[in-house]
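The values are calculated or read from the model by the stated rules, or taken from the named source; none is laboratory data. Values in this document were obtained by computation on a predicted structure and should not be read as measured data. Backbone-built Cβ (ideal geometry, glycine too); neighbour counts: all protein chains shown. Note: accessible area is taken over every heavy atom of the protein model, side chains too, but ligands, DNA and RNA are not part of it. Shrake-Rupley method; radii C 1.70, N 1.55, O 1.52, S 1.80 Å.
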Amino acid sequence: MKPLASISLLLLALLTLGAAAPAAQKPKEAKIALSTQLDRTAIWVGDTFHYTVKAVHDPAIEIVVDNLKKENVNLAPFVVREIAVRQGSFGANKNVTEVKFQLTTYESGQAELKIPSFPLYYFARTAAARTSTESAAESVAVPMTKIGLRSTLTADTLRPRDIRDIWQVTRQRWLIPLALGLAGLIWLALQLGRRLWASTHKEKPLIRRLSRRARQRMMRDFLRRAQTIGTDSPSEQQRYYAEVSQFVRGYLSDSLEIDAAGLTAQEIESALREQGQNGLSAPVKSILERCEQVLYSSQGLELAQRWRAEVEGELGKFADLARH
């Protein structure tokens, strides 16, 4: 009976200790959800990229951001260029703290690099912490992140010329482009020849010169019409000299093939001398110069009355010479 009594006493003692022992505490649930993001999956040596750490937490959690300065954060082998922090609300009952790093690196010779883990400090503003004078800061570890590293260096064993077949140029491959090129050159030569032939064989319009009888009739009709223009009013004087200038230029263009409409009196005189019309050159020059001075000078009205008889005499001399 003694062994049975001893076992009973032992069981009773264990049950008593189990009842007196405090209940085991359940592990606390995580209050901060961390995530990281890269703006690119791989970089070249010396490139600048952005690495973002995002923490979603309860409103009672206060993330410490005062120590997040580029001189305080060590993310070797990366160099921290800039750090930007943004805090705000995330949904109805959550807040978000976003830390954006601008990083670069000058490491080479590796396929990938690792952004090391670092602690993110925070305060839990619970009811028990508010009653105490101060609360201790806690931390959560930001997970390590990998990024690929591109390199322009190639291994010694890589020989692209040894693993690629040389492209064979057969006769058919170069004959076709050669034939097309020759055809294009022949077409260009034909087009050039056609244009040259057309420019050299362009038909010139035939200009029919007026007969002697037609010239005499033209001169006679104009002299009759000119005599009917009065000399009293300035407008009649202007009309007389304008019609005389127009008739002389038109007569020379139709009978002697001189482009008198676009030439000055001096140029018309030179053109008449070149054609052997020395007799016509002097009266023609005198008539045209006087007409221009009357029509375009400030003393035109005064000269019109003074020169009317002289111009009529020169015009008669021009008519006599033009009849022959």
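Quick one: A127 ticks every box in (1) modelled with pLDDT of 65 or more; (2) more than 42 Å from the chain's Cα centre (by Cα) except a single one, so which number is it?
(1)
Scan region 48-75 residue by residue and report those that are at pLDDT 90 or above and among the small types (G, A, S).
A55
For the list (1) more than 19 Å from K317 (Cα to Cα); (2) in contact with a helix residue (DSSP H, G or I) (Cβ under 6 Å, 6 or more places away or on another chain); (3) open to solvent by 50 Å² or more (accessible area, probe 1.4 Å), I need the number of the one condition that I258 fails.
Of everything listed in (1) more than 19 Å from K317 (Cα to Cα); (2) in contact with a helix residue (DSSP H, G or I) (Cβ under 6 Å, 6 or more places away or on another chain); (3) open to solvent by 50 Å² or more (accessible area, probe 1.4 Å), I258 misses just condition (3).
Counting just the residues of region 198-226 that are among the basic types (K, R) and surrounded by 10 or more Cβ atoms within 10 Å (Cβ to Cβ), which one comes out modelled with the lowest pLDDT?
R209
Can you tell me which condition E134 does not meet? The list is (1) at pLDDT 80 or above; (2) acidic (D, E); (3) surrounded by fewer than 10 Cβ atoms within 10 Å (Cβ to Cβ), and all the others hold.
E134 satisfies every listed condition except (1).
Considering P143, P234, which residue is surrounded by 10 or more Cβ atoms within 10 Å (Cβ to Cβ) and modelled with pLDDT under 85?
The unique qualifying residue is P234.
Among helices (runs of 4 or more DSSP H) lying entirely in region 249-324, which contain 1 or more residues that are of a type in the set (F, W, Y), touching a residue at least 60 places away in the same chain (Cβ under 8 Å) and closer than 24 Å to R220 by Cβ?
Answer list for region 249-324: 300-323.
Have a look at S245, S253, S281 and point out the one that is of a type outside the set (A, V, I, L, M), open to solvent by less than 30 Å² (accessible area, probe 1.4 Å) and closer than 21 Å to A214 by Cα.
On the way: S253 fails: open to solvent by less than 30 Å² (accessible area, probe 1.4 Å); S281 fails: closer than 21 Å to A214 by Cα.
Going through S245, S253, S281 in turn, the sole match is S245.
Among the residues of region 243-257, which ones are of a type in the set (G, A, S) and within 55 Å of the chain's Cα centre (by Cα)?
The one that is of a type in the set (G, A, S) and within 55 Å of the chain's Cα centre (by Cα): S253.
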